[in-house]
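Here is the structure we will look at, set down as structure tokens.
What follows draws every value from the coordinates through simple rules; no lab data is involved. This is a predicted model, so every value here is computed, not measured. Every residue, glycine among them, receives a Cβ derived from its backbone with ideal geometry; neighbour counts consider all protein chains shown.
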Amino acid sequence: MLRSPPRVGAGLTRRTLLTSALALPFALRAGAVGPASEVDIAEIQLSRGTISRPEAWTRLLFELLQSTSVEAEPRVVQLAPDDPALFRHPFAVLAGNDALTPLTEAASQQLVRYLSYGGFLFIDDTTGERQSDFDTSVRAMVRKLFPTRALTTLPTDHSVYRAFFLISEPVGRVALHRTLEGVAQGSMHPLLYSRDDLSGALDRRADGSDALPCTPNGELQRREAVKLAINLLMYGLTSNYKQDQAHVEQLIREGRLE
Amino acid sequence: MMDWLLGGCCGPGGRLVFTTEPWIIGVATLGVLVALILAAIPRPRGRARIAEVAFLTAAAGVLLGAVAGPVWIQEGDRVEAGRYVALVDASRSMQVLEGDGTPRSDQVAARLAALPPGTEVFAFGDGLRPGVPITYDAGDTDLGGALAAVAQRYAGEKLEGVAVLSDGIDRGGLRRRVLGEADAVLPRLNGPLTVYQIGEDGGRTDVSVTDVRAGGFAFLRAPFAIEVDVRAVGTSARSVPVTLTRDGQPVGQKTVALDAEGRGTARFEVTPEAVGRFIYEAATPVTAGDAVPANNALSLAVRVVRDRVRVLQVCGSPSFDQKFLRLFLKEDPAVDLVSFFILRTDRDMGAGWDSSELSLIQFPYEKLFSSELWSFDLVIFQNFDYRPYFDNNANELLGNIARYVKENGKAFVMMGGDRSFDLGAYAGTPIADILPVQLGVSGEAIDPGAFAPRLTEGGARHPITQLVGEPTENTRAWAGLSQLDGLNLSRGASQGAAVLLEHPTLKGPDDKPLPVLAVGEYGAGRSMALLGDSSWRWSFAEAGEGRGNQAYLRFWKNAARWLIGDPEDQPVVVEANRDNYQIGEEVRITTKVRNVSFAPVAEAKVDITVDGPGGREKLEGRTGADGSVALTLPASDRGAHRVKVVAHGASGATVGEAQTAFAVTTRDPELEEVEPDSAFLRTLAARTGGQYVAAGERAAPLRDPDAGRRVRDRAETRLYAAPLVPLLFGLFLSISWWIRRRAGYR
């Protein structure tokens, strides 16, 4: 079982300091009654196949603070899938670039319980390729977790595309697949999957600069990736709120939805 | 003289019967013989002696004769004059008004006066009772049964005649047989029948509501249909106006088109806005000349229940606490959830996003907290600060919420966070008046320390905090739940509020533990304060421990039920066992009394007042050990009945009040027909060889001159008790004694 202490903005650099300074007013402006209840991210780590991109997720939390009313703690916690502490962090991510170590039975059971009782998992294929061993192993893992429910491509009117921004095409560092897939549970999708390396678009180097270029559309694409990442977090918090009748009617009235 | 001496008449043709048992006579005879022998043997013989014994023997013979119990029996027949019998219809159809505005029963007295003197009068309806009817309120008309009862009562007697005074609206089967079956067996009559029709033919109008239907119950805020059947007779009108009211308040009016038979149906669509039992009454106007004004209206009790609780969740900032509450509310099929989450505030405007990129809508706070507010059962402020949106008209909109709770009986919840309670600046606003905690904390308004909330004594009994049924297990269940992450501070519980969960260490100005969960009743409504934003731990962390999320779900389900005033969650609950009754059925009213902690109150005095069309009726009882008492009363009057219960505890203090309603909806078949059935009466008379007399006609009743009854007489003269017996016995004994004395014996 891998476990490491919570990491907040690993690597103190000029860029990190700058980013942190920009975010400071938002971080200080408010907070939950207890900081432990503030929104943070758990990064699931397996012994093989996963990668850790704390800077990507920390950036996402700062972007969330800057752009939305959500009170977040820029905190990324790395946990193994069978770590009971996972249930202190209802939003989790799993990013990888190689075939994943198969889940143990205990890890599978915990992940199923996690997703059944309100947890949210975003899986990110960081290879940026059309086919990858990671993708194959993710599909095998999902089949093990949900034998009767397959990963399916989300419809374009899915709530995740309206959770905060209106998103017409989900992209990451690359724009090969331009879709999200998910596993449904009731009216929710507690597990979403991107194959366009979303965390790659968010990741930063130690000096605060973007770690990887976005292709083919550069910074415009990165902007869209950031919007998608914020939507993912918002969807993890508000679920299908955007499907509520009042919102749909209002957006239609304003001509922002077809 | 002789009859006197013998104790009665001992005429010819009679027979003598000894009534004493033979063995008694034998024993008495033996005794007398022995006595005579003993009296005669010791004395010398002589003529005097013979005479003395002879008279003594005669006296003994008289005594023996009396002991034998002789009775002289004379039997024979005689014929008495025939009797005349009248049957008067006492059913409610006799109340129908005639053209002159008087009930048709007023014609009965004149008809009875024309019958032979000494006529024996019976009232019939659903039975036969001797005497002239005092009231005409029998719920049935069974003329065949009445005639059969008379035949049985006067069996073997030729009556001088039988008169029937009726409007002919028979419902016991005789009318059907007489009019529909040529070979029907009709009642055997003991004398010639004269049928007097009561009530004039024709010229009568009547409009009636014959039925009201609503399908039993209705759902709150869901339209349902009430159908009203009407019938009009004796009128050329092709339509009739029908008015529907609920508890006396108008609901709507329709004009019903009538078919060729004068029947029609009005359909009202009603949307109930409150839960409970309501009395709907459909009525048609009573016009001059309406034969039966009482059937122009009909009531029906409709029970309105919630199919779904309508909840407004307003959240100032998406959070895990908001996420899990929404998941609960959204997945509960009994909840109709409308959520508004503030996703961006003015402080987030500088992030560089164009508004066209955003999937955000305006927060319609004015509409929500004014015109739309009343459609919700429960409003939840979850970490919501009103000031960025309606600081200018805060008093008006927040005042609406306070009125919504106090006056409309709705519910409000405030949940903690950095924008709630004092941090949301609610102190001094109308909201503070409906919060179960006191605001106005100086200094830090939050304590971020994790803690395990403690179940209070009140919380151990309150329905909101019942995670499991057994009290010890419930306390253990709360103690085993995950810790909360921090607390919104307060100045303690408001007056009259109940603290269900408290902080284990932090205390307020009154030195009492600070509330974590508190509830209160404000006017007709209720509110709850949960002073933290980490109740989601009770769901997710518990699931992580393998215990599922039942504690969280149960807590919020309990809270929702209590907050919306589920009838079962009131201190005093009254319920009739049905909504609608037929006349004569038993209405069973059950009252449950519980104290503020929802413990059953035994020996509580329960005063019940039932207001109905027939006036006010009062019932009284005391609750048993389970805090409930059931009282009954008969459903005797057609129409709406409102039940009010006041429960008093042992000290006499009022525990609470409750109300319900029921309706007695019997359609009165006696009033379905208003025209006299002259065809039936005429045919009945014809087929029984009788005489039919139409209303207003004058005709003497048929009488049988040979009528009479043979009476069998039997006269018994008890000779053993005749005065002659003691006279003869005394005479013979005296002569015997005199002879004895003359002969010188002693």
Among B:N393, B:L6, A:P170, pick out the residue whose Cα is farthest towards the positive end of the charge dipole of the protein assembly as shown, where Lys and Arg carry +1 and Asp and Glu carry -1 on C-beta, about the Cα centre.
B:L6
In whole Å, what are the extents of segment B:569-664 along the principal axes defined by its C-alpha atoms, from largest to smallest?
39, 20, 18
Footprinting proxy, A:I123, A:I167: sorted fewest to most Cβ within 10 Å, the residues are A:I167, A:I123
Could you calculate the FRET efficiency of B:E372 with B:F219 from 1/(1 + (r/R0)^6), where r is the beta carbon distance between them and R0 is 22 Å, rounded to 0.05?
0.70
Under 1.5 on a/c is rounded, so check that first for segment A:14-253, then, if it is not, pick prolate when a/b is larger than b/c and oblate when it is not; a ≥ b ≥ c are the square roots of the alpha carbon gyration tensor eigenvalues.
rounded
So, for the Cα atoms of segment B:83-203, Rg and Dmax in Å stand at 14.0, 44
Highest average packing first - B:355-363, B:118-126, Cβ atoms within 10 Å
B:118-126, B:355-363
I'm a student and want to see the number: the projected area of the Cα convex hull of segment B:536-619, averaged over all directions, in nm².
8.8 nm²
Any idea how far the Cα center of segment B:57-119 sits from the one of segment B:127-202, in Å?
19 Å
Within 10 Å of each residue's Cβ, count the other Cβ atoms and sort B:M94, B:M2 from fewest upward.
B:M2, B:M94
Equivalent ellipsoid semi-axes - Cα gyration tensor, segment B:506-654, angstrom
40, 19, 14
Segment B:325-386 versus segment B:668-709: alpha-carbon centroid distance in Å
79 Å
Once Lys and Arg get +1 and Asp and Glu get -1 on their Cβ, which of B:G584, B:G156, B:V132 lies farthest toward the positive end of the dipole of the protein assembly as shown?
B:G156
Compute the relative contact order of segment B:11-81 as a whole-number percentage, counting only Cα pairs closer than 8 Å that sit 6 or more residues apart in sequence.
68 percent
The rounded separation in angstrom of the Cα centers of segment A:147-179 and segment B:625-659 is 61 Å
Please report Rg over Rh for segment B:276-406, where both radii come from the alpha carbon positions and Rh follows the Kirkwood definition.
1.24
For chain B, what is the calculated [θ] at 222 nm in deg cm²/dmol (nearest 500), taking -39500 (n - 2.57) for each run of four or more DSSP H residues and dividing by its residue count?
-6500 deg cm²/dmol
What is the Cα coordinate range of the protein assembly as shown on the first, second and third principal axes, sorted by size from largest, in whole angstrom?
172, 88, 57
Applying the gyration tensor rule to the Cα atoms of chain B (axes a ≥ b ≥ c; rounded if a/c under 1.5, else prolate if a/b exceeds b/c, else oblate), the class is oblate
Options A:L180, A:H158, A:A107, ranked by Cα towards positive dipole end of segment A:14-253, top entry (Cβ charges):
A:H158
Using bins 5 angstrom wide from zero, how does P(r) for segment A:44-135 break down, in % of all Cα pairs?
3, 13, 22, 23, 19, 14, 6, 1
For segment B:343-448, max minus min Cα coordinate along each principal axis, in Å, sorted largest first?
43, 37, 23
How big is the dipole moment of segment B:465-617 about its Cα centre under a simple scheme where the beta carbon of each Lys and Arg is +1, that of each Asp and Glu is -1, and everything else is neutral? Debye, nearest 20, please.
360 debye
Sort segment B:511-566 into rounded, prolate or oblate with this rule: let a ≥ b ≥ c be the square roots of the eigenvalues of the Cα gyration tensor; rounded if a/c is under 1.5, and if a/c is not under 1.5, prolate when a/b is larger than b/c, oblate otherwise.
oblate
When Cβ neighbours within 10 Å are restricted to other protein chains, what is their mean count per residue of peptide B:136-142?
0
Kirkwood Rh in Å, taken over segment B:207-305 so that all alpha-carbon pairs contribute
13.8 Å
With +1 on each Lys and Arg Cβ and -1 on each Asp and Glu Cβ, how big is the dipole of the protein assembly as shown about its Cα centre, in debye rounded to the nearest 20?
4220 debye
Dipole magnitude of segment B:83-203 about its Cα centre, charges +1 at Lys/Arg Cβ and -1 at Asp/Glu Cβ only, in debye to the nearest 20?
420 debye
If N is the number of residues in segment A:76-184, what value comes out of its Cα radius of gyration divided by 2.2 N^0.38 Å?
1.09
Packing-based exposure ordering (other Cβ within 10 Å, fewest first) of B:L143, A:L192, B:L30, B:L112:
B:L30, B:L112, A:L192, B:L143
Obtain the nm distance between the two label points defined at B:D183 and B:E269 by a simple spin-label model: each point lies 7 Å from its Cα along the Cα-to-C-beta direction.
5.7 nm
